[in-house]
Amino acid sequence: MPTMLETVLPTDNGLFLLRDVAANTADDQRAAFQASRIPGSRAGRRVAAAGPVLLVRCAHQYTRPHVRVDVLGGTPDDDGPWQWEERMRLVLPTGVVTLDADPTMMLDLPHIDLGAGPGSYGLSVGHVGRAEAQEAAREVAERTITASLEETRTAWQSLDAIERYLIRLWPLERHPS
């Protein structure tokens, strides 16, 4: 199974996106944010996909998760140690995706050519370490109430990659370019 990208990702208030490179405006991404909403609740879904965008909500707004993206030739088995979310579908106008997070940070991440061109892709998202990241974040928040800026920054950075995500994509249906 080829890993196409592996990184520790800064998030935007605990959110990150996997999106088609052409879906680079707020309007393009709005549907995924709407899909993540749970009517009548302040909580949102952990993961949601709509059109060309996958939205992921991390365990805490300051954690930086480890994210791995694998591109597969067909439907995978969702096996351990990952906790798998319900499978989803992305419709990608270019068949090339990127990870995106904090819009104020220029991420130097490569684009991922999924190899099958424009079309529909199956998507599975597995995660581990969420509970551990939430507990560690609670402890850091308590420990740094009166800490210096540098001590606080170091404490939050110690949480990097406790939370981990595996995103797998595979072609379902090819669309004409």
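The values are calculated or read from the model by the stated rules, or taken from the named source; none is laboratory data. Bear in mind the structure is a predicted one, so any value in this text is a computation, not a measurement. With ideal geometry, Cβ positions are generated from the backbone for all residues, glycine too; neighbour counts draw on all protein chains shown. Heads up: the accessible areas ignore ligands, DNA and RNA and are worked out on the full protein's heavy atoms, side chains in. Shrake-Rupley method; radii C 1.70, N 1.55, O 1.52, S 1.80 Å.
Here the simple spin-label model places points 7 Å from the Cα toward Cβ, and for Arg45 and Arg87 these points are separated by 1.6 nm. Taking amide H as placed 1.01 Å from N in the peptide plane, Asp70 has its amide H under 5 Å from the amide H of Met4, Ile167, Arg168, Leu169, each at least 5 places away in sequence or on another chain. Taking the C-alpha atoms only, the angle from helix 26-36 to the longest principal axis of the chain is near 70 degrees.
Packing, as the average of other Cβ atoms within 10 Å across residues, places the peptides 22-34, 73-85 in the order 22-34, 73-85, highest first. When the chain is treated as a GNM with alpha-carbon contacts under 10 Å, the residue of Ala59, Ala147, Ala116 showing the greatest mean-square fluctuation is Ala147.
Sorting Asp100, Asp12 on solvent-accessible area from highest to lowest, probe radius 1.4 Å, gives Asp12, Asp100. In order along segment 16-23, phi translates into HN-Hα couplings of 9, 10, 10, 9, 4, 4, 7, 8 Hz, rounded to whole numbers, per the Karplus curve 6.51 cos²θ - 1.76 cosθ + 1.60 with θ = phi - 60° and x for Gly and Pro.
Figure note: Tyr62, Tyr165 ranked by solvent-accessible area, largest first, 1.4 Å probe, ligands and nucleic acids not counted: Tyr62, Tyr165.
Does segment 56-95 classify as rounded, prolate or oblate by the C-alpha gyration tensor (a ≥ b ≥ c root eigenvalues; a/c under 1.5 gives rounded; else a/b over b/c gives prolate, otherwise oblate)? Since a/c reaches 1.5 but b/c is at least a/b, the shape of segment 56-95 is classed as oblate. Between the amide H of Arg89 and any residue lying 5 or more places away or on another chain, no distance stays under 5 Å, with hydrogens modeled in the peptide plane.
Between Ser124, Ser148, Ser158, the residue with the greatest mean-square fluctuation in the GNM of the chain (Cα pairs under 10 Å linked by springs) is Ser148.
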